[in-house]
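Report on the following structure.
Please treat every number below as a calculation from the coordinates, not as lab data. What you see is a predicted model, and the numbers here were worked out from it, not measured in a lab. Cβ placement follows ideal geometry from the backbone for every residue including glycine, while neighbour counts extend to all protein chains displayed.
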Amino acid sequence: MSIQVAARRSWDIDGLIKEIDQPNVKAVIYFFSVELERFAPHKAFKRAFPQASCIGASMIGGWCTTGAQEKGLIAMSLSSDEVAETCIVLQEGVKRDPVLAAHKVIETLRRKVGYSTIYPNTYLGLVFFDGLCRGEEIIKRFTLEKGFNLNLIGGAAADELAFTKTLVSADETCSDDGVAVMVLKMKIPFYCNHYVHCLPTKTSFVITKADPVNRIVWEIEGQNAVEYYAKAIGLSGADKLTAVHFAKNPVGIVMGDTVYVRSQRGIIDAQGLQFYCSIDEATTVHLLRPGDIIAHARTSLEDARHYLPDIQGALLFNCVLRYVELQELHKVAEFNRAFEHLRFAGFNTYGEEYLTHHNQTLTAIFFGA
């Protein structure tokens, strides 16, 4: 068959399952609002597709061929025409020790799959984890693991900006303290990348004191981080800073033409800037400015077609801060329309994963025919 997608704005699980059902379903990927936890979507999907591997994450809004959704349920199924084999793992304990949890996942995958058989152009890894844990530590462990040549991409689970409970699921298990990984041996070509619409300015500075574990920057260029940042973006003082300033003026690590965004979350003790991802001391960062997020969405498709001319579908993992920006610009539907000719699904995340842990980024998998 082919890639199938469907969405519902309420708990119409039977109707959604009928739409994504097809012969020999091998994998189901789904995203859901936290309020739907009481219906146990993980059990419903596994009950409907007992022979398939099913992986999911909670969202703050999602994306689908049928249209953007503020709340509800979105799903994609892949059949044996697209996927030869799957392996799925869920490990809990990411809040207390994300490094240990990642190591346990890696050891399980080593036993079940074996590194010697993993080839980047054949195997694809999907990763979802609790959006309230230090996800960068999880991704770092995978990246540093010797011989683990897996394309690993995904997003951190989200809630409705309450930052109280986010969920991931694998088959019949759902957790608010876990990391879920699905490895797929693909029969069709695919292409992964990350896309940043924020543009570097000429303003750069060095982080001179930081607490990476708690994602706090205390000093920039030897000065109070909050005051330095406020002046850098043109404010008269730190007391003028608001969440809007953070969203419109993130910082980023620039490597050639590539930008890795680090978005500010808030202020700690009138001195520290807390981020959604850690920044190490001695790191040089650039002040960023927003680009055209809609034009950039179209450019991301052009980029993918350069490597994968015949695209039939996609999975999109979009930062919640980009989602908020789209809402403020009244362009949520327009962003969704940029991909509507594809069979696609996706969700807005508390962090995007591909090679590293990103902020204010779109990570995406494009599927060929």
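Highest mean first, how do 284-290, 274-280 rank when packing is the count of other Cβ atoms within 10 Å averaged over residues?
274-280, 284-290
Quick one: grab the alpha carbon gyration tensor of the range 287-369, order the square roots of its eigenvalues as a ≥ b ≥ c, and give me rounded if a/c is under 1.5, else prolate or oblate depending on whether a/b is larger than b/c.
prolate
Could you give me D for the range 326-369, from Stokes-Einstein at 20 °C and 1.002 mPa s, where the hydrodynamic radius is the Kirkwood radius over C-alpha pairs? Units µm² s⁻¹, please.
Translational diffusion coefficient: 175 µm²/s.
In terms of the ratio Rg/(2.2 N^0.38 Å) built on C-alpha atoms, what value belongs to the range 1-86?
Ratio of Rg to 2.2 N^0.38 Å for the range 1-86: 1.00.
Quick one: of LYS18/LYS104; LYS71/LYS104; LYS43/LYS104, which pairs are farther than 30 Å apart, Cα to Cα?
LYS18/LYS104; LYS71/LYS104
Quick check: from the Cα gyration tensor, does the range 85-195 come out rounded (a/c under 1.5), prolate or oblate?
Because a/c hits 1.5 or more and a/b exceeds b/c, the range 85-195 counts as prolate.
Can you compute the FRET efficiency between ASP14 and VAL99 using 1/(1 + (r/R0)^6), with r the Cβ-Cβ distance and R0 = 30 Å? Round to the nearest 0.05.
Once the sixth-power term is evaluated, E becomes 0.15.
How would you rank 44-55, 15-26, 71-82, highest first, on the average number of other Cβ atoms within 10 Å across their residues?
Going from most to least packed, we get 71-82, 44-55, 15-26.
Using only the Cα atoms of the chain, construct the convex hull and provide its projected area averaged over every direction, in square nanometres to one decimal.
The Cα convex hull of the chain, projected and averaged over all directions, gives 17.0 nm².
Helix-derived [θ] at 222 nm for the chain: sum -39500 (n - 2.57) over DSSP H runs of at least 4, divide by residue count, nearest 500?
-6500 deg cm²/dmol
Give the calculated FRET efficiency between GLU92 and LEU199 to the nearest 0.05, with a Förster radius of 45 Å applied to their Cβ-Cβ distance.
E(calc), rounded to 0.05, equals 0.70.
Contact order normalised by length for the chain, with contacts defined as Cα pairs under 8 Å and 6 or more residues apart; what percent is it?
Computed over the chain, the figure is 21 percent.
Report, in whole Å, the centroid distance computed from the Cα atoms of the range 125-173 and the range 334-359.
Value for the Cα centre distance between the two parts: 15 Å.
Using just the C-alpha positions of the range 153-220 as equal point scatterers, what log10 of I(q)/I(0) does the Debye formula give at each q in 0.14, 0.15 1/Å?
Treating every Cα as an identical point scatterer, log10 I(q)/I(0) equals -0.86, -0.93.
Please sort 193-206, 118-131 by packing, taking for each peptide the average over its residues of neighbouring beta carbons within 10 angstrom, highest first.
Result, highest mean Cβ count within 10 Å first: 118-131, 193-206.
Over 29 Å between Cα atoms: which of LYS165/LYS240; LYS95/LYS146; LYS46/LYS185 fall into that group?
Checking Cα-Cα distances, LYS165/LYS240 exceed 29 Å.
Could you tell me what % of all Cα pairs in the range 198-290 have separations over 20 Å?
The calculated P(r) of the range 198-290 puts 24 percent of pairs beyond 20 Å.
Lys and Arg at +1, Asp and Glu at -1: add these up for the other residues within a Cβ distance under 12 Å of GLU85 and post the number.
The answer is +3.
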